[in-house]
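The values are calculated or read from the model by the stated rules, or taken from the named source; none is laboratory data. Please read all numbers here as calculations on a predicted model, not as lab measurements. No Cβ is skipped: glycine too gets one built from the backbone with ideal geometry, and neighbour counts run over all protein chains shown. Areas reflect the complete protein model, heavy atoms only, side chains present, ligands, DNA and RNA absent. Shrake-Rupley method; radii C 1.70, N 1.55, O 1.52, S 1.80 Å.
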Amino acid sequence: MDQTRWVVVVPVKGTSGAKSRLGAGAGRAALADAFALDTVAALVAASAVERVFVVTASARLGVALAALGAVIVPEAPGPDAGQDRLNAAIEQGAEAARFACPDANLAVVTGDLPALHVADVETAFALAATHPLSMVADAEGVGTTTLLARAGYRFTPRFGLGSRAAHEGDGHVVLDLPPSSSLRRDVDTAADLDTARALGLGPHTSELV
C-alpha cells in the first residue's frame, strides 16, 4: 500500500444514549447519527483514505453508513462503561482493519466531527506520515479526536477523560494543526455545535440544525 494512504476506523455509538450532553429527546439521537454520517462522508471522500471501517451496534445506522462507502463492523458485546466500551470497539475495528489491510497505515477518528473538511483530513494525514505514532488533539487541547500509526506500528486506544496526555505518554506526537482545523472540532455540547456550524456543517447535520 502507498505509505501516504490510510485505513480509518470510526467508532459510532448509534444508540438513543449518544451525545447525552446535547440535551434530551429524539432530536439529540438524530443529530448524533448525522454527525457520524458527515464524518464518514468526509473521510471516504479524502484521497489519503484507502478504506473506512465503522464499528457500530446499530444495524439501522450501519446501512446508512455502508451506503456512503464504509465497511461496517458489527460491535461485539463488551464492557458497559462508556470509555471502556468505546476503546473496546476501537480495538475491534482496528483488528478488522489490520486483518483486511495488514500493510496499511491505521487511524482512528471519532464519529462526532460534523464540520469535517476533506482538506483538513489530507493535511493531517500528510503530517502523520512523517511520524510512527501521532495524534490530533481536540480544540481544548485535553482530548483526542484522531489517533494514528504508520504501517508496522501498533497503538492502544485510550479515548476518554485526559486522553491527550495518555496518548502522548504512549509516544504519539501531537500534530501541529491550528485550533480552527475541523479535525479538532468534535461536538459534545450545544456550544460545540455552534462553533462547528461556523466552520460549515456537513449536509446531514445541516438538515437538522
Legend entry - Carbon and sulfur %, accessible surface of the chain computed with the full protein complex present, 1.4 Å: 56
Inset, instruction - Would you mind finding the longest exposed-site-free stretch of the chain, with exposed GluC sites (Glu not before Pro) meaning DSSP loop and at most 12 other Cβ atoms within 10 Å? - result: 1-139
Legend entry - Under-5 Å amide H pairs with Gly160, H placed in peptide plane, nonlocal only: Thr144
Inset, instruction - Just grab the label-to-label distance for Glu122 and Glu140, each label 7 Å out from Cα along the Cβ direction, in nm (one decimal). - result: 3.2
Inset, instruction - Pick out the long, greasy-scoring helices in the chain: whole DSSP H runs spanning 18 Å or more along their own axis by Cα, mean Kyte-Doolittle at least 0.0. - result: 26-45
Inset, instruction - Run through all the Cα pairs of the range 26-68 and give the fraction in each 10 Å bin from 0, expressed as whole percent. - result: 27, 55, 16, 2
Legend entry - Inverse of mean 1/r across different Cα pairs in the range 130-209, Kirkwood, Å: 13.6
Legend entry - Computed [θ] at 222 nm, helices only, for the chain once each DSSP H run of length n ≥ 4 contributes -39500 (n - 2.57): -11500 deg cm²/dmol
Legend entry - Full-stretch length increase - Ala165, Ala100 - with 0.36 nm per residue and alpha-carbon distance subtracted: 20.4 nm
Legend entry - Asn105 long-range amide H proximity, modeled H, under 5 Å: Val7, Ala151
Legend entry - Heavy-atom surface of the range 86-143, accessible at 1.4 Å and reported per residue (Å²): 34
Legend entry - Using θ = phi - 60° and Karplus 6.51 cos²θ - 1.76 cosθ + 1.60, couplings along the range 162-175 (whole Hz; Gly, Pro as x): x, 5, 4, 4, 5, 5, 4, x, 8, x, 7, 7, 6, 5
Legend entry - Globularity index of the chain, i.e. its alpha-carbon radius of gyration over 2.2 N^0.38 Å: 0.92
Inset, instruction - Quick one: plug the Kirkwood hydrodynamic radius of the range 84-130 (C-alpha pairs) into Stokes-Einstein at 20 °C, 1.002 mPa s, and report D in µm²/s. - result: 173
